[in-house]
Every structure is written in structure tokens, then in C-alpha cells.
1. Please name whichever of Leu185, Met200, Gln80 sits farthest to the positive end of the charge dipole of the range 71-221, dipole taken about the Cα centre and charges placed at Cβ: Lys and Arg +1, Asp and Glu -1.
2. In the range 1-92, which GluC sites (Glu not before Pro) fall in coil by DSSP and have 15 or fewer other Cβ atoms within 10 Å?
3. What spacing in nm lies between the two simple spin-label points modelled at Phe6 and Lys209, each 7 Å away from Cα in the Cβ direction?
4. Please list 3J(HN,Hα) in residue order for the range 50-58, calculated via the Karplus relation 6.51 cos²θ - 1.76 cosθ + 1.60 where θ = phi - 60°; whole Hz, with x for glycine and proline.
5. Over the range 24-182, what relative contact order in percent results from Cα pairs under 8 Å that are six or more residues apart?
6. For the range 159-213, which chymotrypsin sites (Phe, Trp or Tyr not before Pro) pass both filters: DSSP loop (anything but H, G, I, E, B) and at most 16 other C-beta atoms within 10 Å?
7. Under a cut-off of 16 Å between alpha-carbon atoms, report the lysines in cross-link reach of Lys173, not counting same-chain residues fewer than 8 places apart.
8. Starting from 0.36 nm per residue, how many nanometres of slack lie between Val24 and Gln80 once their C-alpha separation is accounted for?
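Values quoted throughout were computed directly from the atomic coordinates according to the rules given, and no laboratory measurement underlies them. Computed from a predicted structure; not experimentally measured. Heads up, the Cβs are rebuilt from the backbone with ideal geometry, glycines too, and the neighbour counts pull from every protein chain shown.
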Amino acid sequence: MFTRHFPHWPPGQPKTIELPRETVYANLVASAAKHPQRAAIDYYGGRVSYERVKREVDALAGYLQQLGVARGDRVLLYAQNCPQYVISFYAILRADAVVVPVNPMNRTEELRHYVEDSDALVAIVGQDVFRQVEPLRGLKHVLVAAYSDYIDAGTDLPLPEFVRAPRQKFASKVEYWAEALSAGLQPGEHLAQPEDLAVMPYTSGTTGKPKAASTRMPACRPPPCPTSTGAACRSATWCCRRCRCSTSPACRPA
């Protein structure tokens, strides 16, 4: 263990940190119980309390499960920095699924790769970028969010046009954020464990197509797949089901 910094360590502070055996969602539950009315998000003057965040996370998680999202499924998250992004992130985890975060600067063909590579069937998107998702045929459900839903009506802050824009209706068959929350569905038992795959971000793709970077169960430590970059081989019998290679078709389950 590296100890040369110990002589300069703040007095009374622990020199090691024990990783908690809790999920990310459990941390939200604890914060909502301890500080229910404290602002968790301040968005252009619109303040969202921890209590409200947890309530909406649970409602959205229940809605996702009603759409068929199950443990280990991938859900694409494609939006600007906004309250819906934070709430969606926790809701996907509460639904025992995996967050696939996507930069809102990406366009249709880039999105097509993420959808096909991650096997995502559901996406949560900002309405300003929905047109980039609309041509994709691999998604069964697309949930659209309007950023203006969380703006304080009395704010005097300058708002970008895409943030100010009211809710839109699209010709395509989509789901809508407000309707998802108003359905008031409660999720089933939270089954995800601290070791479960939680987030699957993609690289920038400077040496080829973007590749997913994901964490896997500690018990599953397969060798790197010889036909992909940094991925784990799925061909061996000891590779658990949650270890899905996302960068090589040769490693996908039959």
C-alpha cells in the first residue's frame, strides 16, 4: 500500500475508505429520508426536492417496468443536462436496468450504432433531439421529455429556446414524460445488487466505432475477447449472463 502521503494526511481522518454495500438508488432513498425538502436540483430557478426526485424516480421506474424493462436490460438516455436526465438515471437503476448514456450531440447514424450494439429497446430522450431518434427502428419505446416542465414560471433567467419550448406532440408513436409520471405506477422489488452492471458509457470512437466500457460482476473475470477491444469473452461456460460483450458479435450469446 502506498503510504508516503500519510505524514501529510489531515488529522483525525481515516486513511482508507470501505466501499458501501448499497446500490446507487439506496443512496437516493437515504438522502430523501434525511433531507426530504432540501433542493436536490436547481434548474433555471426551478427547485426539485429530494422527496420529489425519489417520488418521480419510483414512478418512472414503475412505468419502465410496465413497458417491459427488466433486470439487466439496457435503456438509452439521450438528453441535455436537465432534471429529467438525473431522474431517468436513477429510475433506470431502480428498474434494475442498465443506463446507456449518450451525448446529445450524436446524430442518427451514431445513435443507430449505440442502439444495435447495446441491444437497447427503450430510450428516454429530450424533445429537442427526438428527430434524431425517430428514424431508428430498433427501439420499441421512446419516452420524450420537455425541459420546460421543470422551469420556474417566475424565473427571470435567460432561457435557451430549446429549454423554453413547451411540450410538443409528435406524429410518431411515442411515450411522454408527463404521462409516465402521472400514471403513478410503482416499481416491483428492487433486485439489483451492488455488483450488477449499472452504466454502459461508450468511448469516443477515435480508433473505430465507439465501444462500451462497462463493469462486471467481481466473480466473473474472463480473459479479454481476442476479436474485440477490452471486452470479455462470452464463449466460456464460466461467464455469467450479466457479462455481455458489446463490441464483438462473435461473443454474443446464441
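1. Going by the Cα projections, it comes out as Met200.
2. Answer by residue number: Glu18, Glu22.
3. According to this spin-label approximation, the distance is 5.0 nm.
4. 4, 4, 5, 4, 5, 4, 6, 4, 5
5. 22
6. The qualifying sites are Phe170.
7. Within reach: Lys140.
8. Extra length available between Val24 and Gln80 comes to 18.0 nm.
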